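K.L.:
Below is the structure I would like to discuss, written out as structure tokens.
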Amino acid sequence: MRNRMTNDHQKWFHQRYCAVVLLLLVSISLSGCSLFVMAGKMFFGDPLMTCEFTRQTKIDLIEDQKKVLVVCSTPESIRSDYPSLNYDLLEQVTYRLRRENIKVMDTGEVATWLDDNGGVWNDVDELAENFEVDYIIHVDIDEFDYREPNSPNLLRGKAYGHISAYEVNSIDGMKRALEIFNVEYTSEYPSHLPVSIEQESEAVFKKKYLDRIADQIGRFFYNYHAGDPI
């Protein structure tokens with residue numbers, strides 16, 4: 001009698017298990033991979049994504065505790081419309097790297113040096129000579145705007161540029177910066193429909209968009225969880 005009850009229990013459990021698996025497969029076929037991702041998080045947690053810089057160079061800026069200099073540049077056409085963009089990005093990207101325990105050169109020192117040199121620099125080796133750092137991160141933004149073209153009442157952020165990183169070494173008694181990382185950066189937000197200024201002011205939208213750019217750039221250099229919002 002006991003064996004029969006055990007067999008009935010096993011049969012019931014097997015039927016329930018098959019039903020759950022079938023329901024999961026059907027749900028995935030109907031709703032795409034999002035449910036599969038959610039199920040994966042339930043069993044394995046939110047996966048940690050290795051940043052692009054570490055994947056390409058095998059260098060972990062947090063673990064290795066190397067000192068980093070961040071510098072941002074934009075063409076004159078952008079600086080005339082957004083004169084503070086370089087400094088805003090410098091502060092925001094530096095803040096995010098420091099938040100993740102990456103050792104970053106103080107933005108005040110960088111800003112002062114840039115001011116003393118007319119706000120621009122021409123040679124990355126010049127930065128290597130003037131700052132005691134191990135790596136230099138260069139955020140080069142070629143295009144930037146947060147207003148929808150030909151639509152003064154609509155807002156949509158767009159940016160394009162390149163993110164580079166250089167390793168600083170001493171060669172024949174002089175500091176030299178060797179490029180070890182370079183990726184293209186493209187951003188559009190929101191991607192579907194622009195935001196009306198009746199919903200959000202220009203100042204609020206610009207701040208939100210700059211924060212978003214800084215988050216995206218920061219993720220090139222530190223690991224993050226797949227479910228972390230931007």
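K.L.:
Taking H placed 1.01 Å from N in the peptide plane, check which residues at least 5 places from Gly157 or on another chain put their amide H under 5 Å from its amide H.
P.N.:
Distant-sequence amide H within range of Gly157: Tyr189.
K.L.:
Let me ask another. Say each of Ile230 and Asp64 gets a label point 7 Å from the Cα, pointing the same way as Cα to Cβ; how far apart are those two points in nm?
P.N.:
Roughly 2.5 nm, to one decimal.
K.L.:
Please report how far the C-alpha centroid of the stretch 121-177 lies from that of the stretch 49-83, rounded to the nearest whole angstrom.
P.N.:
When both Cα centres are located, 7 Å separates them.
K.L.:
Also, quick follow-up: Run through the stretch 138-230 and list the GluC sites (Glu not before Pro) located in a DSSP loop whose Cβ has at most 15 other Cβ atoms within 10 Å.
P.N.:
Taking the stretch 138-230 and a limit of 15 other Cβ atoms within 10 Å, the loop GluC sites (Glu not before Pro) found are Glu198, Glu200.
K.L.:
Leaving out ligands, DNA and RNA, and with a 1.4 Å probe, what % of the accessible surface on the stretch 79-136 is carbon or sulfur? Walk me through the numbers before you get to the answer.
P.N.:
Working: 1170 of 2990 Å².
Solvent-exposed carbon and sulfur of the stretch 79-136 make up 39 percent of the total.
The values are calculated or read from the model by the stated rules, or taken from the named source; none is laboratory data. Small disclaimer: the values here were computed from a predicted structure and weren't measured. So basically every Cβ, Gly included, is an ideal-geometry build from the backbone, and we count neighbours across all protein chains shown. Each accessible area value is taken on the protein alone, full model and side chains, heavy atoms only, with ligands, DNA and RNA left out. Shrake-Rupley method; radii C 1.70, N 1.55, O 1.52, S 1.80 Å.
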